[in-house]
Each structure stands twice: as structure tokens, then as C-alpha cells.
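Encoded as C-alpha cells, the structure appears first; notes follow it.
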Amino acid sequence: MTTTSDAVPVYDPARLQAISARRRRNTAVSAVSTVLVLGALVLLVVTSPGWPAVRESFFNGFYARDVLPNILAGLRLTVILFVTAEPVILVVALFLAVVRGLSAPIFTPLRYLAIAYADVVRGIPTILLILMFGFGIPALNLQGLPDSPLFWAWFALVVSYSAYVSEVLRAGLESVHPSQRAAARALGLNQYQSLRYVVVPQAVRRVTPPLLNDFIALQKDTALIAVIGAGIEMTRAAQIYAFDAFNYTPFVVAACFYILLTVPLSRWADWMAARQRRRSAAAGGVL
Amino acid sequence: MTGPTLQLRGVHKAYGDNAVLRGVSLDIDEHEVVALIGPSGCGKSTLLRCIDLLEPIDAGTIVFDDDDISWPGFDVNSARRNIGIVFQSFNLFPHRSVMDNITLAPRKVLGAGRSDAEAQAMELLNRFGLADKAGDYPDRLSGGQQQRVAIVRALAMQPKIMLFDEITSALDPELVGEVLNVIRGLKEGGMTMVLATHEMAFAREIATRVAFLDGGEVAELGPPEQVLSQPQQERTRRFLRRVTEAGRL
Ligand SMILES: Nc1ncnc2c1ncn2[C@@H]1O[C@H](COP(=O)(O)OP(=O)(O)OP(=O)(O)O)[C@@H](O)[C@H]1O
Ligand SMILES: [Mg+2]
């Protein structure tokens, strides 16, 4: 580019003004329409004939305040369960995914075990795994193993989610073009180094959005641990209270906290997915 | 070292029923530049990939510096240390900067320290006019720049021989020159090279010998003036005629 006449943009003030006026109008329109729609919905709900009864047993201010400390204690446990399970799941799932891609004959039994694990575990509802591990193993009184139902319920979540997450990671590994591995091997990197420095980093980057979705689901599924009555995790706190008082407000309070936990993660997952799309568009796809 | 650097003897390679290489024999001496030409699908890429042990061969031997590197169980990683290969599609690692693309193998395979590896990489980048790209990611580079980085990445392992597989055919015409200049520079430096190419003019200029690959074997071999101007074989003449006709269209 050596022409100079068009190189510097010339801003026309009237044009800029028109643009910002239009922007202001768009914002106003969306604000007004949002308020109208929400208002109509609220009006519809509170004027419906069943509303007083619903409000009494689901949105009761007294019970909400009363149960809050218990729920907050449960919240702490939920976060601990989630934060400790996640890294373990990632490691186990990555191991399973990598094993399934190994072709050397020595790995044949391991490969079949990994396939069987993913198939069997994904076939069992998570709640059954939690019941089996959480009630079953502590009842065996096995020497040297922890006997806490809470631990075994946590373990069941790890078992279940490892299988799902390994499938996501496997899809990621397969999406990395074989020429990347060939380039790594051609440079003299061995099989492990090629995976560690070239294939796995690219695979993980590509599947970050679906991985985050799985972790949102995991966060919610910590609630399933309540069924074995372990600890004072959030749903359990709500459950005890609700059955004592015949009032379901505690469930609603617990639900609100779950939403508070998962919404930021969802927004983050969306943001990551959008960034990914922008990036691969900029790179013109993969070669 | 006694014989030639690289010695191919009766190399066979089939994909299922498709016998691609049917007894390729070729000796390549130190400092030689051999251009590999032939119709599309004749097995140029396959041969280069076999030499770098990216594909196992079915029969024959590949001897490099007196070692039969094609022997089953030969330490492929140590063999590849002496052989650099550059692909048509660059295959840079998109998640690593130019500098990290170049230093990865020297650091992990040769055990070089980070600062040594980076100093060596900077030297190579300087030599090929890429010094200002060291921190960039591959998707920010033009095709020609990406291909030059891929060459630098292979050179950083200080190979004794370089294999080039149609390294300019994915490039826009105006970017071909900068990549060919790199090859010219390497020839001046005495690098032993095998390059598969469709650029006959370049083959004529750069090669010490030209090998015409057809029907799974080396159909004709000799100095460029001979193979490209006075081919002995009818099939070589036919191929060259097709190439020049395509060039005129
Ligand atoms: N991985 C593979 N699996 C099966 N067949 C293959 C594979 N790679 C190559 N082939 C076949 O081997 C033959 C030779 O392919 P190759 O890529 O070596 O040809 P080439 O001479 O490099 O062609 P071009 O000039 O188009 O690059 C082709 O028939 C091709 O279909
Ligand atoms: Mg080819």
C-alpha cells in the first residue's frame, strides 16, 4: 500500500452522531421490551388462582431465612466435593482416553479394559453408582479402606464422570490431524513426548467448551450424594428441613445457590466456545 | 564412514493391494542434492516418509551412515535425529510460538537447555530473515513464512540430511521464491538433500542428480541436463511433455 489519499480515515461528525443515536435507541428498545415481557410473566403468575398456596410452600420468607445457615454449610461441602473431584476426573479420563488410542500390541489388554470401563460405567445411572458405592462399600468393613459413605459417594462421582469426560477427550485427541503427530515424530520426539507436548495440548484446547459443560453437570450432580444421607451437603440440608416442616422453600433456596454456582461457569463456557470459533476462523481452519 | 550417506536397496512399500514402491534403489552421497520427480501418485511422498521411518517398509534396506535403519526394532528416534523432513503442509504446531516450535525438539530430544536452544534458534531465524517472528504464533504468518519456519525447525536438530516433500506446492506463486532461496542457501552450506518437486526449472538449477520415479521404481537417474533435456526413457519423455504442456496452459 503506497497510496496516501485513503490511508487516513476521515470522520464525519454527523455520521458519528447518527451512529451513536442509533445505538442509544437500540438499547432503549431492548430495555423496555425486556421489562414488559418480564412484568407480564410475573403478573400472570401472581394473579393465577394457585399462587397463594405455591407461595406459601415454595417461597416462604420465614423458612428461607431459617434454613439459610444449614444451606450455606452445605454449600461449602458441595464446593469442596466438586473442586476435589474435578482434577482427579481429568487425570483418570485423560489416562483412559490416551490408552484407547495406543496401538502397540502390549497395550491391547489395557485398551480393551478402557473401552469396557467407558461402556459399562456410562450405561449405569450415576445415582445407582452412588447408592452402590456409598452404601455398599462402607458396609463391607474392608480393612485399610475408608469407611465414610461420603468418600465413597465422591468416589462414585469420579468413576461416573471419568467415563464421560474420557469420551470428550478422546474426541479431542482424534480431532488433532495425524500430520501433527507425524511432524512431532519426525523431529525425533518419542511417542510419549509427541502426546505430551503436541497432541494433548491441542486436543484439550479444542474440547474445553464441552469439558466445561460436563463440569457444570458434575457440580449439580453433587446433589445426588444427598440420597445416601452423607454429610450436610446442600440438598441434604434442604431435604431434612423440608420433611420436618412440610415446606419446600428450602429446596428453592438450595436451587438458587446451585444456579449461582453454575451460571458463571456456563457463561465462561460460552465465552470460551466463542473465542475458540473466532480463533479457528482466524487460522482459516486446520491444515 | 565408508559408502554413501544414504543407500536405498530394493525398497518395497504397499498399502493393501496398492504396491506403491516396487524396488527403489538409490545412493545419495554427502553434499548431494537429489531431485525426485514423477507423476502425481508415483510414490514420492511415500518414499520420503519411508526414509524418515514414518512408514515401515515391506522389503529392502535403508542404510544410513552404515546402519540399516529399516531393520525392525532399530531405534527410530535415534535414526530420525540425523534426518530432517519438511512437509508440503508445513505442519507447524499451532499452539506454540515460532520460537517454541523450533526449540521443542532440541530441548526434549537432545536435552539442550532453554537458553542454548533459543540462542541457536535465533541464529537460524536471523539467517532466514525471520528474527522478528520469533514470538508470533503460526496463524499470524504467511504461508511462505510458515514454511521457512518449518525448515528452520528441522534444521535446529542439526540433521545430516534434509528431505523436502513438495514444500512450495501449497504456496501462492509470489511466496515460492522466498522458500526456494532457503534451499539455495542450504545447498551452498553443503547440506545433503532429497527434494520431491514439481518445479522442473528449480530441479534443473539446484539438483546434482534427478531421479524420475515411475511404476514404483527409479526409472531414470542422472544429472539434470541429461534427465530433463535428453531423457533416455520413453516414459520420462512422456512425463516431461505432459509437464511442459501443462505449464503452457
Ligand atoms: N497412508 C496411505 N494409505 C493408503 N494409501 C496411501 C497412503 N499414502 C499414500 N497412499 C497411496 O500411495 C500412492 C502414492 O502416494 P504418494 O503420496 O506417495 O504420491 P506422490 O508421488 O507424493 O504424489 P503427489 O505428487 O500427488 O504428491 C497413491 O496411490 C496413494 O493413494
Ligand atoms: Mg506427494
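Data table
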{"read-out": "Spans of helices (runs of 4 or more DSSP H) in region B:112-217 with at least 3 residues surrounded by 20 or more Cβ atoms within 10 Å (Cβ to Cβ)", "value": "B:114-127, B:143-155, B:173-188"}
{"read-out": "Output for region B:52-100, where each listed residue is of a type in the set (S, T, N, Q), closer than 17 Å to B:HIS12 by Cα and surrounded by fewer than 22 Cβ atoms within 10 Å (Cβ to Cβ)", "value": "B:THR61"}
{"read-out": "Scope region A:138-153; condition surrounded by fewer than 20 Cβ atoms within 10 Å (Cβ to Cβ) and more than 16 Å from A:ILE80 (Cβ to Cβ); matching residues", "value": "A:ALA139, A:LEU140, A:ASN141, A:LEU142, A:GLN143, A:GLY144, A:LEU145, A:ASP147"}
{"read-out": "Residue among A:VAL121, A:VAL200 that alone is within 30 Å of B:LEU155 (Cα to Cα) and either more than 21 Å from the chain's Cα centre (by Cα) or part of a helix (DSSP H, G or I) (or both)", "value": "A:VAL200"}
{"read-out": "Single residue of region B:170-219 satisfying the filter (touching an Asp or Glu at 6+ places or on another chain (Cβ under 6 Å) and more than 16 Å from ligand 1 (Cβ to nearest atom)) that is nearest to the other protein chains (Cβ to nearest Cβ)", "value": "B:THR192"}
{"read-out": "Output for region A:95-112, where each listed residue is surrounded by 14 or more Cβ atoms within 10 Å (Cβ to Cβ) and part of a helix (DSSP H, G or I)", "value": "A:PHE95, A:LEU96, A:ALA97, A:VAL98, A:VAL99, A:ARG100, A:GLY101, A:PHE107, A:LEU110, A:ARG111"}
{"read-out": "Test: residue in region A:247-254 that is surrounded by fewer than 20 Cβ atoms within 10 Å (Cβ to Cβ) and either touching a strand residue (DSSP E or B) at 6+ places or on another chain (Cβ under 8 Å) or part of a helix (DSSP H, G or I) (or both)", "value": "yes"}
{"read-out": "Residues satisfying the stated conditions in region A:154-183, i.e. part of a helix (DSSP H, G or I) and either over 18 Å from A:PRO87 (Cβ atoms) or without any contact (Cβ under 8 Å) to a residue 12 or more places away in the chain (or both)", "value": "A:GLU167, A:ARG170, A:ALA171, A:LEU173, A:GLU174, A:SER175, A:PRO178, A:SER179, A:GLN180, A:ARG181, A:ALA182, A:ALA183"}
{"read-out": "Any chance B:LEU53 is at positive phi, away from ligand 2 (no atom under 14 Å from the Cβ), hydrophobic (A, V, I, L, M, F, W, C) and at pLDDT below 95", "value": "yes"}
{"read-out": "Qualifying positions in region B:19-78 - under 22 Å from B:LYS187 (Cα atoms), among the aliphatic types (A, V, I, L, M) and within 14 Å of chain A (Cβ to nearest Cβ)", "value": "B:LEU48, B:ILE51"}
{"read-out": "Filter result for the condition that a residue is among the aliphatic types (A, V, I, L, M) and more than 27 Å from A:PRO250 (Cα to Cα), over A:LEU36, A:LEU68", "value": "A:LEU36"}
{"read-out": "Out of B:ASP139, B:ASP165, sole residue that is within 16 Å of ligand 1 (Cβ to nearest atom) and within 12 Å of chain A (Cβ to nearest Cβ)", "value": "B:ASP165"}
{"read-out": "Hey, B:THR103 within 30 Å of A:GLN276 (Cβ to Cβ) and either within 13 Å of ligand 1 (Cβ to nearest atom) or polar (S, T, N, Q) (or both) or not", "value": "yes"}
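The values are calculated or read from the model by the stated rules, or taken from the named source; none is laboratory data. Predicted model only: the values in this text are computed from it and were never measured. Here the Cβ is made from the backbone with ideal geometry for all residues, glycine too, and neighbour counts use every protein chain on show.
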